[in-house]
1. Sort GLU83, GLU202 from largest to smallest accessible area, using a 1.4 Å probe on the heavy atoms of the protein chains.
2. For the chain, what relative contact order do you get, as a whole percent, if you take Cα pairs closer than 8 Å and at least 6 residues apart?
3. Mind checking which of SER158, SER169, SER27 has the largest fluctuation in a GNM of the chain, springs on alpha carbons under 10 Å?
4. Could you rank GLU148, GLU97, GLU199 by how accessible they are, 1.4 Å probe, largest area first?
5. Students often get this wrong, so check it: of LYS88/LYS144; LYS144/LYS194; LYS88/LYS194; LYS144/LYS167; LYS128/LYS194, which have C-alpha atoms separated by over 27 Å?
6. Mean residue ellipticity at 222 nm from the helices of the chain, using -39,500 (n - 2.57) per DSSP H segment of n ≥ 4 over the full residue count, to the nearest 500 deg cm²/dmol?
7. Enter the Cα centre distance for the pair segment 34-64 and segment 109-180, rounded to the nearest angstrom.
8. Helix 135-150 against the longest principal axis of the chain: what's the angle in degrees, Cα atoms only, rounded to the nearest 10?
Amino acid sequence: HSPTPSSSSPKTPPSCRVRASAGAEASTRTLGASGLTVSTVGLGTIGWGDESYGFNSRYRAVDLRETFEAAVEGGITFFDTAEVYGYKQHEYQSSSEHLLGDFAGEASEPVIIGSKVFTIPWTNLIVKGTSPRLGSEALVDALKKSVERVGRPVDLWSIHFPFPTFKNSVLMDALKEASDLGLTTAVGVSNFSKDQMIEASEICS
């Protein structure tokens, strides 16, 4: 993901940046063994709902809706979010997950939504959870909150990054339970090293 824009960053509206590259039909690929078809190019939403990126000052929800619509029009079907993207807007239903869920519900074409879960135990202190985040059950509970914000089960749910508090086996248990409960269609990991990927694959095999 790109670093937080500085005060010298261009002031180009988000919708304009998307439209500049949305003229051609986007290519697609199958997402692993999930059976989901996604656009080869996806759209990240780390700044949606996040005031440190300029939400409600440089751009507002209406601008993000235009960005979303322009992306879909250009053939983009895969949108990436996370429970912590714009988390300060959770209580106002304007976080990244909230906005993306709202836009997707009114989209002219079906879209694929991927979200991610934080593995740091004190994450619940910033996302209004009830207790420290420990064990696979806590991670699945976090996904249930994401599903509420998006308004439907997510298409892809990933571990945002590994953290020493959670063994790989615990993370894989959480992914399996989430899939079994129908909270997500596909599962994955993000920011894993080669060795961590190999270990995760061995656990799941």
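1. Highest to lowest solvent-accessible surface, that is GLU202, GLU83.
2. 16
3. Between SER158, SER169, SER27, it is SER27 that shows the largest mean-square fluctuation.
4. Numbers: GLU148 130, GLU97 0, GLU199 85 Å².
Descending order: GLU148, GLU199, GLU97.
5. Working: LYS88/LYS144 18 Å; LYS144/LYS194 29 Å; LYS88/LYS194 33 Å; LYS144/LYS167 21 Å; LYS128/LYS194 33 Å.
Checking Cα-Cα distances, LYS144/LYS194; LYS88/LYS194; LYS128/LYS194 exceed 27 Å.
6. Values: 7 runs with 73 residues, N = 205.
Computed mean residue ellipticity for the chain: -10500 deg cm²/dmol.
7. Cα centroid to Cα centroid, the span is 19 Å.
8. 20
The values are calculated or read from the model by the stated rules, or taken from the named source; none is laboratory data. A quick note: this is a predicted structure, and the numbers were derived from the prediction, not measured. Note: areas computed on protein heavy atoms with side chains; ligands, DNA, RNA excluded. Shrake-Rupley method; radii C 1.70, N 1.55, O 1.52, S 1.80 Å.
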